[in-house]
Amino acid sequence: MSLLKSIHGPSDLKRMSTEQFPELCQEIREQIISVVSNVGGHLASNLGVVELTVALHALLDTPKDKIVWDTSNQAYAHKLLTGRRERFHTLRQFGGLSGFCKREESVYDTFNAGHAGTGVSAALGMVEAREQLGQNHKVVCVVGDGAMTAGLTLEGLHHAGGLDRDVLVVLNDNQMSISKNVGAISAYLNRTFTGEFYTRVKEETRQFLGAIPRIGQPITKIAHRAEELAKGIILQGLLFEELGFRYVGPIDGHNFEHLLPTLENVLKLRGPTLLHVITKKGLGYQPAMENPVWFHACPAFVRETGEPAKKAPRPSYTAIAVNTLVKLARQDRRIVAITAAMCEGTGLTAFEKEFPDRLYDVGIAEQHAVTFAGGLAAQGMRPVVAIYSTFLQRAFDQIVHDVATQNLPVTFCIDRGGLVAEDGTTHHGAFDYAYLRHVPNMVVMAPKDENELQHMIKTCLTYHGPATVRYSRGTSLGVEMAPEPVTLPIGKGELLRDGTDVAIVAVGVTVWQAMKAAERLEQDGISAAVVNARFVKPLDAGLLGEVARRVRCLVTVEEAARMGGFGSAVLESLSDQGVTGLPTKVLGLPDWFIEQGPQDLLREKYGLTAEGIYQGVKALLEKVSSPAVAREGSADQRPLRTGQGKRFSLASLAREEHKGDEQGS
Ligand SMILES: Cc1ncc(C[n+]2csc(CCOP(=O)(O)OP(=O)(O)O)c2C)c(N)n1
């Protein structure tokens, strides 16, 4: 009989003998490996926290007690133990379980996450809510050593130490962020469990634990002993002690004989406590232990070999971007690259290989990465900050205050722009056009294909101020590449085809879809112009105005949030140029958080495929029956005829569009 199958919630765990826990952990690992090999996911981190998760749920009274998982990429075992085992095979798929914690998914998920470093602050908020509301429950935050390098974590610890409330922070230390953890804090943590020192600490911890009766020991006495232990033998806890935490550890996070009694005791301690737990990424699956970096967040793989189930047919946009950077860095000594703990994901490993001294991994510190780049640029360097669109959100003020106000030549390689698929809501790069285009001095570009991408990288690096190039997750299109990247004229789009019925103005990956839609429209006898905007800012106002004046309606397309994005920019530009009364439609992502799912499926759902654009144009054209109407009179009073002869005003047209938004076409 499977132990895991008998668990429908944490209370079942409490009925189980602790001797059965190792076997249960084996089953949990088996389940995780089996599902992740099918659907991809954060394998290595999850395999590392199985015992810790079992121990926490066995000792806490969840969901009354709260566990906050920082980043929450390591919450698979937590999901399996909290009533989601039967749906676990749907992990990360459209309509399935999220790969992260989601309050809307389970009462056991106390806080939504996906970005690193939020755990301590959120947990502290819950602690204060408990105090304010006169409640009585425990709050435990599990945070990785990687997330310890996030400024936000340190801000949370700093505040917690000052507040002096009862809160337990479990530092899950596997020495890895995605790749090897970096920086001074990581080095500090490493010193705590290497070689002889760790062995001695482990032994003394064991003696300490042996001396504590499991039940009935007055809390103060245990606290005192714990304090003695911490002060007496664990100098390395000093950083946390100075921040106002009681430090306990390090302990072996895979050994229930250490985990259970220690956790049981630290959960009784008063005040902020930090338990330092050592775990191994990938434990239980040999390929993941050997290559925890690849298995941090892997695609589907062949279980027997650990090889990817599918090989990409062409290089990714990421690879093309970095190849170009490497090429340009060979010619310009001032080019340096910066990553915030995402060397692999951003492809900068290739840059590091050739220029190890010109690559900076700053840890999970996007804000610092941007200001650091500002400092480099102020002294004449040409820094390139490569960060995923979603993570760059965190550095908005640094972009504005530390780069743009000074017009510093920092290049932003914004990877994973648009829909990113299975990581879902917290990871889609939906907001970048909107959060960048209103920043003075900022140039914002997005390539239609990989050839244009290489030109845009070069354009950024020859521009005198801040410039961003935003590209998609996934495989490039396979277009012919120019032998060398060239500098594009700033603010110039290209007219890919001319037409008189409709202008489709697209940017980024949507451009080729717009071209396909135009070909289909042509078969219906509709003449469609297609503009590749290239620049979200500055827009090619001249080209837009010119094209807009010779068509009956205009549709913009972007794989980004519609509100405040590229389409909005086009409409503002047309209005500034006095092109009023032209029926328009803005295709893009709606005003809600986009769910997880394959890119193609989501593109289809949100009308961003060739078919979606075709349908969008047809719907608009249907409303614009008379070519003359679109060109004359004041926008709001002018009557329009639909194909069916129904009368519309442009104001009612706008209401129709808005209704479409709410329903989520
Ligand atoms: C703000 C932010 N930057 C980057 C990432 C990408 N990322 C996901 S997990 C991770 C490493 C986390 O390491 P750690 O906190 O030690 O947790 P582990 O996965 O080892 O359990 C990184 C950098 C992120 N999720 N959020």
Normalised contact order of the range 309-435, rounded percent, pairs of Cα under 8 Å and 6 or more residues apart: 22
Residues with amide H under 5 Å from that of Lys537, placed H, sequence gap 5 or more: Val444
Histogram of C-alpha separations across the range 535-591, 10 Å bin width, %: 24, 58, 17, 0
Among Thr279, Val502, Phe240 the positive-end extreme of the charge dipole of the chain (Cβ point charges): Val502
Built amide H within the under 5 Å cut-off of Gly417, gap 5+: Ser389, Tyr471, Ser472, Arg473
In range of the label at Lys311: residues from the range 472-501 whose backbone nitrogen is under 17 Å from the point 7 Å along Cα→Cβ: 475-476
Residues Glu519 and Glu572, FRET efficiency given R0 of 30 Å [Cβ-Cβ distance, rounded to 0.05]: 0.55
Bridge type composition, the range 317-470 - antiparallel percent by DSSP, nearest 5: 5
Rough spin-label spacing in nm, given labels placed 7 Å along Cα→Cβ, for Glu354 and Asn291: 2.4
Stretchable slack from Arg497 to Phe94, in nm (0.36 nm times residue separation minus alpha-carbon distance): 141.5 nm
Packing rank of 568-577, 40-49, where each peptide gets the mean count of other beta carbons within 10 Å, highest leading: 40-49, 568-577
Global form of the range 405-493, assessed from the alpha-carbon gyration tensor, a/c cut-off 1.5: oblate
Sum of side-chain charges, Ala340 neighbourhood, beta-carbon under 10 Å (Lys, Arg +1; Asp, Glu -1): -1
³J(HN,Hα), Karplus 6.51/-1.76/1.60, whole Hz, each residue of the range 5-22, x for Gly, Pro: 5, 7, 9, 9, x, x, 5, 5, 5, 5, 7, 7, 6, 5, 5, 7, 4, x
Derived scalar couplings ³J(HN,Hα) [the range 364-376; Karplus, 6.51 cos²θ - 1.76 cosθ + 1.60; whole Hz; x for Gly, Pro]: 6, 9, 4, 5, 4, 3, 6, 5, 4, 4, x, x, 4
Angstrom value of the Kirkwood radius, inverse mean 1/r, which spans all Cα pairs in the range 317-470: 15.0
Glu484/Ile185 FRET efficiency (R0 35 Å; Cβ-Cβ; nearest 0.05): 0.25
Theoretical FRET efficiency, 1/(1+(r/R0)^6), r = Cβ-Cβ of His158 and Ala378, R0 25 Å, to 0.05: 0.30
Cα radius of gyration and Dmax for the chain (Å): 27.7, 91
Burial ranking of peptide ranges 527-533, 268-274, 587-593 (average Cβ count within 10 Å, highest at the top): 527-533, 268-274, 587-593
Amide H partners (placed H, <5 Å) of Arg246, local residues excluded: Thr273, Leu274
Antiparallel bridge percentage (DSSP; both residues within the chain; nearest 5): 20
Cross-link pairs beyond the 22 Å C-alpha cut-off, checked among Lys585/Lys623; Lys180/Lys268; Lys79/Lys310: Lys180/Lys268; Lys79/Lys310
Between helix 50-59 and the chain: long-axis angle, C-alpha atoms, 0 to 90°, nearest 10: 70
The range 387-545 - Rg (one decimal) and Dmax (whole number), Cα, Å: 16.2, 52
Computed [θ] at 222 nm, deg cm²/dmol, the chain (DSSP H ≥ 4; -39,500 (n - 2.57); rounded to nearest 500): -12000 deg cm²/dmol
Percent of Cα pairs exceeding the 24 Å cut-off, where the set is the range 1-140: 27
Compactness of the range 6-81 as Cα Rg over 2.2 N^0.38 Å, two decimals: 1.06
Alpha carbon centroid spacing (whole Å) that separates the range 522-581 from the range 293-357: 35
Compactness of the range 228-346, expressed as Rg and Dmax over alpha-carbon positions, Å: 22.0, 61
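Bear in mind these aren't lab numbers, they're just calculated from the coordinates by the rules spelled out. Only a predicted model underlies this, so the values are computations on that prediction, with no experimental measurement involved. Cβ atoms come from the backbone with ideal geometry, glycine included; neighbour counts cover every protein chain shown.
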